[in-house]
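This report refers to the structure that appears directly beneath it.
The values are calculated or read from the model by the stated rules, or taken from the named source; none is laboratory data. Only a predicted model underlies this, so the values are computations on that prediction, with no experimental measurement involved. When we count neighbours, we look across all protein chains shown, and the Cβ atoms used for this are built from the backbone with ideal geometry, even at glycine. The area values use the complete protein model at the heavy-atom level, side chains included, leaving out ligands, DNA and RNA. Shrake-Rupley method; radii C 1.70, N 1.55, O 1.52, S 1.80 Å.
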Amino acid sequence: MRLPCSIVLLTAALTSAAGAQTVHVVGPGGFAQIQPAINAASPGDVVVVQAGTYDAFTLNKDLTLTAAPGAIVDVQATTIFSNSVTIVQPPGMATVTGLRFRTLLYAAAQTRVLGGTVHFVDCAFESSPGLMQALPGLDVQNANVALQRCVVLGGGVPTTTGGGSGAGCNALTVASGTVAATDSLFIGGNIHWDFLGHGGHAIAAIAADVHLANCLVIGGGNDPLISYHVPGSGVYVEAGSRVWLADCQVVGGNGRTVGGGAAVENLGTTPVVVARSSLLGGPGAPIGASVIGPLTNGPLLGLSGTTAPITLGGTWTVGYRAAPATPVLVLASERIEPSSSPLVAEPVWLPTNAFVVADAGVTDASGVVAFAFPVPPTPSLLHASWFVQGFAGTTLPLRTTPPVGGIVR
């Protein structure tokens, strides 16, 4: 069963969500750097960054920060042996679209999210490849982060065979926070011969919630010259964490002449929940374990393929994957704000008091159902934010997906 009238409701709600926004431009004709534009902006404003290389910044306001259409925007240090640390800490919610947080040889690079809720779309994050401490590429502490179509690297050399990337940094570390990711790539840093330690984990969850759908996760390897370093795990889970993996591929780090890294290493007592996912121990002697610690299969709701950006005048399509004949309800909001509910197994990202019903349907014989939402060509909708989250099941608790959406382009 489908509810065609819900498309009308979504369009009406999307139109009403658009409000007056001041746009601040960075680049030719505007601010020379991102930080002065942030300083000049008021909550709810938009900062559009034109192509170029810019200094690290601190985003401490509820803003939309986006690359200009088609622009390649790099945020990185300008000299070696210098730091490039970007801090994102909005009091409420911020969105960041299309920025690459790059590293430089022998220069520390890191992006830290230290509070609030942040939605990153089409962004890339790198950590230090050189003679620096093992900093994660993306460090989330006491904050909520949703990633969509992002690349997160624990080093500056995205190799899966090991060698040369530096300190063996984690790609993503989440401590006392919540992270949801779709259509994203995580690669732990390979540890170079002149470091001590182990290959970086692709994802490290420390008293955190991590929910992935349609993601590729690869642990960092060791070095061919000194292979006794221990490789990293694909997903490393400490006690007090909850992890869900739907339609993902997770691979342990390359151990070469020692044992390969585990795909999932769970040191806690709460099982990691997986559905339709491939868990492969890393290459080595012996091959790494696919799973260490408690893990269970569950009826998770996933996303059937990459969700494209929302464009003015286009049709935005979102597909979901579950068991055949599973009812799916899609809710929508202009904000994300994660919370827990006894009615839903995974984190709920839409505000409980600010959402609309977007559509509903039932998965087909292959377990897929897709929803198409026309976006009106209204100029005032440009840079407005919109998110959907699917909920599935006939018994409690329901299953849900990470949120997808972002700004209208």
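Computed quantities for the displayed model
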| item | result |
| --- | --- |
| Sole exception among (1) closer than 22 Å to residue 142 by Cα; (2) crowded, with 24+ Cβ neighbours inside 10 Å; (3) of a type outside the set (Gly, Ala, Ser) for residue 270, by number | (2) |
| Test result for residue 196, among the aliphatic types (A, V, I, L, M), open to solvent by 10 Å² or more (accessible area, probe 1.4 Å) and more than 17 Å from the chain's Cα centre (by Cα) | yes |
| Those residues of the stretch 281-318 which are β-branched (Val, Ile, Thr), closer than 21 Å to residue 268 by Cα and either at pLDDT below 95 or open to solvent by 70 Å² or more (accessible area, probe 1.4 Å) (or both), in sequence order | 292 |
| Condition broken by residue 361, with the remaining ones in (1) in a strand (DSSP E or B); (2) crowded, with 21+ Cβ neighbours inside 10 Å satisfied | (2) |
| Residue check for residue 308: touching a Pro at 6+ places or on another chain (Cβ under 7 Å), assigned to a loop (DSSP other than H, G, I, E, B) and farther than 18 Å from residue 211 by Cα | no |
| All positions within the stretch 220-246 that are hydroxyl-bearing (Ser, Thr, Tyr) and surrounded by fewer than 21 Cβ atoms within 10 Å (Cβ to Cβ) | 227, 228 |
| Residues located in the stretch 338-358, provided they are part of a loop (DSSP other than H, G, I, E, B), under 21 Å from residue 146 (Cβ atoms) and out of contact with any Lys or Arg (no Cβ under 8 Å at 6 or more places or on another chain) | 338, 340, 341, 343, 347, 349, 352, 353, 355 |
| Subset of the stretch 364-409 that is assigned to a loop (DSSP other than H, G, I, E, B) and β-branched (Val, Ile, Thr) - its residue that is surrounded by the fewest Cβ atoms within 10 Å (Cβ to Cβ) | 395 |
| Search result, residues across the stretch 205-222 that are farther than 22 Å from residue 259 by Cβ and in a loop (DSSP other than H, G, I, E, B) | 207, 208, 214, 215 |
| Residue within the stretch 360-368 that is hydrophobic (A, V, I, L, M, F, W, C) and out of contact with any strand residue (DSSP E or B) (no Cβ under 9 Å at 6 or more places or on another chain) present | yes |
| Unique residue being of a type in the set (A, V, I, L, M), touching a Lys or Arg at 6+ places or on another chain (Cβ under 7 Å) and part of a loop (DSSP other than H, G, I, E, B) when the list is 300, 225 | 300 |
| Tabulated pairs, the stretch 344-357, first at negative phi and modelled with pLDDT under 95, second assigned to a loop (DSSP other than H, G, I, E, B) and surrounded by fewer than 17 Cβ atoms within 10 Å (Cβ to Cβ), C-beta under 9 angstrom, 6+ apart or interchain | 352/341 |
| Scan of the stretch 188-204 for residues that are part of a strand (DSSP E or B), at pLDDT below 95 and among the aliphatic types (A, V, I, L, M), ordered by number | 191 |
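Matching residues to (1) in contact with a Gly (Cβ under 6 Å, 6 or more places away or on another chain); (2) free of Cβ contacts under 8 Å to residues at least 40 places away in the same chain:
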site	(1), (2)
276	no, no
284	yes, no
289	yes, yes
302	no, no
331	no, no
364	no, no
